[in-house]
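Take a look at the structure set out below.
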Amino acid sequence: MITLKHTALSVLALTALSACGSIHESPTRSQATPMAFAASSQYAEIDAQAASLNRMADELVRKSTGKGAVIGASLGCGLGLISASSAQKCVTGAVAGGVVGAVVGHEHGKRKVAARVAQVSKQELSNTLLDAGKQLSEIKQTLPQVLAQQNAELARLKQQKAANALSQEEYDARFNAIRDARAALAAALSESADKARVSADNLGTAASQGQSGLMWHIGEAKRLEDDSMSTRSQITLL
């Protein structure tokens, strides 16, 4: 999915370089001039940023999923059982009902459950959460300029088409490049939000299984989800 997004945004960058006309000149095909490289490079920049954010979100999902989360899911202990007492009731009930046997070996029972609940690496999670937040901040800084450039290009396309300086085929190709790149970026942000939510749920399961000190991590994962969706909401699809 990331490859498709990267391709769509890269196509837009190349299109901006090779096909953008200037609104300060009379609109004829022979006088069309390319957009400045600094402008088109913004597309490639935000493309790379979005891909990087998704890789970090993948890391969050991986690092937030341990044996404790798997066992918690098997026993039905999830984010809703965030208190220690609720977690204890869940594990105790699972042992009494024989559920634990299928997961970790019935003969060891509750003691084996406690021993097999792997600890999430809080330091690794902290680093990835901070890196993801920084990457998202960079996207938020770049996005307004990218959207403004896209809107300016759309206006140029309409002007050139109205003056018969652009064929329908040329107009459609350049319009579709912008549309697809914008949709790809929106999808990347939505995907990052989804992964951040999954990570928060995984950490909630680990907390319900008795691991302490995860509340900051859960809060940061949820904040990453909210910020990703907030950034996504700035993008109007064409």
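The condition (being assigned to a helix (DSSP H, G or I) and modelled with pLDDT of 95 or more) is satisfied by just one residue among Glu169, Glu191: Glu191. Taking each residue of the stretch 188-216 that is over 13 Å from Leu129 (Cα atoms) and looking for partners that are open to solvent by 10 Å² or more (accessible area, probe 1.4 Å) and hydroxyl-bearing (Ser, Thr, Tyr) with beta-carbon atoms closer than 7 Å, six or more apart or interchain, yields Asn202/Thr65; Ser208/Ser86. Being under 21 Å from the mean Cα position of the chain (by Cα), open to solvent by less than 30 Å² (accessible area, probe 1.4 Å) and under 19 Å from Gln49 (Cβ atoms) is a condition met by at least one residue of the stretch 217-228. Is the stretch 123-130 home to any residue that is under 21 Å from the mean Cα position of the chain (by Cα), open to solvent by 40 Å² or more (accessible area, probe 1.4 Å) and modelled with pLDDT of 95 or more? So far as the stretch 123-130 goes, yes, one or more of its residues are under 21 Å from the mean Cα position of the chain (by Cα), open to solvent by 40 Å² or more (accessible area, probe 1.4 Å) and modelled with pLDDT of 95 or more.
Checked against the criteria, Ala148 does not count as aliphatic (A, V, I, L, M), under 14 Å from Asp47 (Cα atoms) and in a helix (DSSP H, G or I).
Considering only residues that are open to solvent by 10 Å² or more (accessible area, probe 1.4 Å) and either touching a Cys at 6+ places or on another chain (Cβ under 7 Å) or touching a residue at least 60 places away in the same chain (Cβ under 8 Å) (or both), which ones fall in the stretch 52-65?
To start, the set of residues in the stretch 52-65 that are open to solvent by 10 Å² or more (accessible area, probe 1.4 Å) comprises 52, 55-56, 58-59, 61-63, 65.
Listed by number, the residues that qualify are Ser52, Met56, Asp58, Glu59, Val61, Lys63, Thr65.
The values are calculated or read from the model by the stated rules, or taken from the named source; none is laboratory data. The model shown is predicted, which means the values in this text are computed figures rather than measured ones. Here the Cβ is made from the backbone with ideal geometry for all residues, glycine too, and neighbour counts use every protein chain on show. Just the protein is used for accessible areas: all its heavy atoms, side chains included, with ligands, DNA and RNA removed. Shrake-Rupley method; radii C 1.70, N 1.55, O 1.52, S 1.80 Å.
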